[in-house]
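Single-structure report; data block below.
The values are calculated or read from the model by the stated rules, or taken from the named source; none is laboratory data. This structure is a prediction, so every number in the text was calculated from the model and none was measured. Positions of Cβ are generated from backbone atoms using ideal geometry, with glycine treated the same way; all protein chains shown enter the neighbour counts.
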């Protein structure tokens, strides 16, 4: 019957099941786990293995000396003894000294060696430590892994049981046993395939926020540009033209005009790539062409762009809130009061100013509120708890609301001042004029996609339709999760 | 050969560890995973499977065309070829075109089909896509799953290895192999039982924050009510009575009186259901009666109510901090200065006003601080890291502290103004009077539960005691985790 | 022997399932899961098990009465019946009534009993409930677990599939089947080894933030000390010396001088232990000596110290932002305006004051920004998503930046006022002078470590070098993850 036909092959996959014989072996009296080396890492490893209910044998050059550093349940002995007793051996010595283990070769033959070593910096050319180990011990089954876990993590255990451990090996069986070991220690094993991935795995610990590089560079360069621009307009101009020294504005006022500009432009840059993707698909009349790589990378960086934008927006909020508490504000107010009294003006109320400020403040606060919602939902644990419709609703719908709010905030801030000539020192337009270009472009581009004809065509394309060929074909080949097409988000 | 020598012992370790025969099959040279369809989803799926160390065969209508879109390790071939090679086949074509696969029926017989399809909207009546597929291929073992995972998630991988995949099937063996596959891909499989659950699983991606609907509706309606109320009192009244136009208050001042009211009422609504539950149990003299469903639902929504309340409170804080930076505040201050000078009052200091404000500000800040602690601990990853005593300490004890603080904040804000007639325009009481009803009721109700007699009885009941019958019985039947009874939290 | 009798059926459950025979048993028609007791916990457990695709038999004293409370898929029957049918039985009755189950002894022989019970308070002496159960049923295989999971968690399921369940037992096979069951329910099993750990597991739910006790006590005592100190200087002194009553400062001003002091000292205390560790290693000329236990504990508490510091800093920010909105500030301003007018001073601008404030404000904001980055990355889910180089970059590099910023903030705030005698009421130095001692000490200590000679020596030591012995030896014994040595962070 078909069920039986399927079994043998299906059964093969995954961490397989038990048989009475096996279970007997699984009881702790079975073979212990070996560890070679007595550094911090092997110490923490031993502690963790013991805590996970394993017997542990640590192989050391001078067992007596290291004894104090290990949990008492762990047995300390000579390297040879450990290699002989255990079937699964962690090699926790410096890669440059793997060679000193050669004497253990016969004892390690036919056993699983886990290479947990790290290099000292990124190793592009290879060969990886794991490969070198495999060459030294051709008769053992080398598994690469655990190098991304710090002694620290091992000691305290994964904070919430969702710490990933990347494994690779050319020996699936050895890899399986390590996978199970790893899961029993409370980590999440991730199979990276053949030992050829070991180089990549060894480089993992050396990456320093690769996905953040571009967004941060963008933020900084925008910041510098706008800062200089505002410095020119607000500080240098009055100094040169009217000999008025307002350099005290540099630390706060100028920064506080710069931050929102950066925030808004960055926010626009979050939604630009999605638009580009949509328009490219419309242009190609298919979704099966690859996007240019820069667009692909941009699409995957949107979250980082968004968070940078949020950071600037939040700082802008704090800076603004600080304004009234400054001595400079106080002095200005006092002098204004003095003038008013001298001039005998009983009521200096200007309704337009009041309305303008009340409006752009309230809109600004709402924009910030929306942005913080977006920021919260980009936390891994929150993002994992929402389904993709919710995710895209927040990131796309709420995101565009936030963008519109922020734009409106800027427009209200600008009010009619874009048209008064005294806003153009050195013929430089006010900052908000420059800033508004991006978000307005994005918002208009998005609106265009709402035009019935365009919207319909785009939907067809995303369902797999192509001008060139018979519909039926592509549809069957189509993507059944087309809804959450990347460029929606 | 060494491999064999190693097996018996290595195999022993970890859960499962399959027999030699199996492990032979598990090595990559074993049966590959098949994918039918070449959309975004199948592309990302293929990439992920290859990364997890599987051999992948993709069945396409025209392999050549799709070739560029897939990782080179994935083998592209005809649908028939893929169906024949693989034992576990992902069906990634639009459900409405499952029929076009009928030609593969013989090849797919006795194999595991994973239906990853989604509908276009919620499907209440059924039948589910999975059922339809099962009807088309009666001799295959259909497993529903992965439809809640987006192509996006597949590509970038689960952010922290805790992404859940819901699976169901009528064939436990097929389900097991998919479960293991799924875990090896770094996801967390969740067994949903029989294929009858497939409809529910297919609807999952279409839910849009179901648990948030009620709380958000509550917040909005409260907001609208209080906004209109305050608008009437603070804006319309002076306009009608004294022809004084203070409409500029609408964007900020009025909102800023409304937000705290909503926040406080919502916070009271977080702790009301727990009280109701306790009083119901006291009334019934048993904990074995079911709560009315509205109460049950309310109890499960407390977190959402709390977060809405926090959001309002935080916005209230920002609005308040914005007050002094507004032009309106500036003008008022200047005019006040003018008046003071004209009147020749050297010191306008009013000690009571000062004390009132200093007090309610500081209490308010503390309340906000506590609320943000509560908000942080409701993040999934944080909530997972605390045991339930800690959780209930934060959510219940700290929560009630926050509630009391917020109430005190409002009382201090009110000071003695509730008794001055000029606070009753149109005979409308000040907002804080209305608002205080709820929290005071909750706090008094909670205090009542501290009365020794009541507290003792409640403890008994929660330990399983019932008036009606012999104690011994219920106790043995009782709940041994009674401590963290839901209504504590 | 009973073990064997139990195997075939127990083995069948979970994703084990290797041989055809097993898989046949794994299909739901196989042996059901038994639950004894009908409390909240067993109800939620039943619901969850059913949802995970298991057959469930609940043993109750009076099945009829409890029927309504359970999901209809769960079968309710007598305790004896349940004990007979199931091979894996959850014992969900109060520990003090385990004895009432003795009648089931023959039925439970050779089966797996899961003891989910909790005590009523921490039980230091033992024996644990699990041990007592094991003594009552010597022929059954007792597994301790699930007591850390609340009925609540069972009902809603783990928020993001990363909820840990701690298991221990003296019967590895029984433990395995529970492990698999537990994983299939969507939890993360953590093997705690032998039943001897059951006491610890039973105490887990009673711990109340053990790792937070010391940091919080530190924060509070520092707060009290500084508060009293500032009260003496700013409130009591003017009252005694000039009969000037400024008690209104107590709720806000005094608190707002106290908070930053606490925050800065706490932040210094985060980086002090790392320094101590480094200097101890330099002094010992080895990294193989154990640190004194107080230092070990301190090193593991740095995160909590940091978060306390951040909390104070954040509150300080809010308090400061509140300053200008207070009535007291308003009155002071008005009176100042009055004086200025009376004195006929047209411009009261003092450039030094302005610069001082602008500078320390902006530096303070940056420090807060950095601190919040640190706080965010200490969220479990975020911390799990970064590799240790990124983590140590944030916690160490950015952390020291934040510390320097905060110190600079304080220095700028102090300006030259440390040298004016009128800042020494009662000969008490200004608070910022006291506060600066710690951070400056830490920063200097850190700088000293950058001296080439010191830095080199330290690096050698951390690579395993020791004065006493031959290099080659220790290196091979060394730690290959030395890079992320704890004292870096």
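Some points to look at:
- Extreme residue, farthest from residue C:127 (Cα to Cα), among residues of the stretch C:45-62 that are assigned to a helix (DSSP H, G or I) and away from every other protein chain (no Cβ under 11 Å): C:47
- Checking C:74, C:107, C:83, C:68 one by one, the residue that is modelled with pLDDT under 90 and under 15 Å from residue C:31 (Cα atoms) is C:74 and no other.
- Reported count of residues in the stretch C:72-86, each being under 17 Å from residue C:42 (Cα atoms) and touching a helix residue (DSSP H, G or I) at 6+ places or on another chain (Cβ under 8 Å), is 8.
- Of all residues in the stretch C:133-168, those that are at pLDDT 90 or above and more than 22 Å from residue C:207 (Cα to Cα) total 10.
- Members of the stretch C:71-81 that are within 11 Å of chain B (Cβ to nearest Cβ) and in contact with a strand residue (DSSP E or B) (Cβ under 6 Å, 6 or more places away or on another chain): C:79
- Scanning the stretch C:341-350 for residues that are touching a helix residue (DSSP H, G or I) at 6+ places or on another chain (Cβ under 7 Å) and under 28 Å from residue A:319 (Cβ atoms) turns up C:347, C:348, C:349.
- Just one of (1) outside any helix (DSSP H, G or I); (2) crowded, with 21+ Cβ neighbours inside 10 Å fails for residue A:208. It is (2).
Condition check ((1) closer than 24 Å to residue B:50 by Cβ; (2) buried (at least 23 other Cβ atoms within 10 Å of the Cβ); (3) within 9 Å of chain A (Cβ to nearest Cβ); (4) free of Cβ contacts under 8 Å to residues at least 12 places away in the same chain) across all residues:
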residue	(1), (2), (3), (4)
B:165	yes, yes, no, no
B:168	no, yes, no, no
B:176	yes, yes, yes, yes
B:179	yes, yes, yes, no
B:185	yes, yes, yes, no
B:189	yes, yes, no, no
B:194	no, no, no, no
B:199	no, no, no, no
B:202	no, yes, no, no
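- Residue match in the stretch B:308-316 (condition: touching a helix residue (DSSP H, G or I) at 6+ places or on another chain (Cβ under 8 Å), assigned to a helix (DSSP H, G or I) and facing another protein chain (nearest Cβ under 7 Å)): yes
- Some residue of the stretch B:117-125 being at pLDDT 85 or above, under 23 Å from residue B:52 (Cβ atoms) and in a helix (DSSP H, G or I): no
- Residue check, residue A:326 without any contact (Cβ under 8 Å) to a residue 40 or more places away in the chain, within 30 Å of residue B:254 (Cα to Cα) and surrounded by 18 or more Cβ atoms within 10 Å (Cβ to Cβ): no
- The stretch A:401-422, subset surrounded by 19 or more Cβ atoms within 10 Å (Cβ to Cβ) and under 30 Å from residue B:204 (Cβ atoms), residue farthest from the other protein chains (Cβ to nearest Cβ): A:403
- Complete set of residues in the stretch A:126-139 that are touching a residue at least 40 places away in the same chain (Cβ under 8 Å) and part of a loop (DSSP other than H, G, I, E, B): A:126, A:127, A:128
- In the condition set (1) in contact with a helix residue (DSSP H, G or I) (Cβ under 8 Å, 6 or more places away or on another chain); (2) more than 14 Å from chain B (Cβ to nearest Cβ); (3) surrounded by fewer than 24 Cβ atoms within 10 Å (Cβ to Cβ); (4) outside any helix (DSSP H, G or I), residue A:98 is compliant with all but (4).
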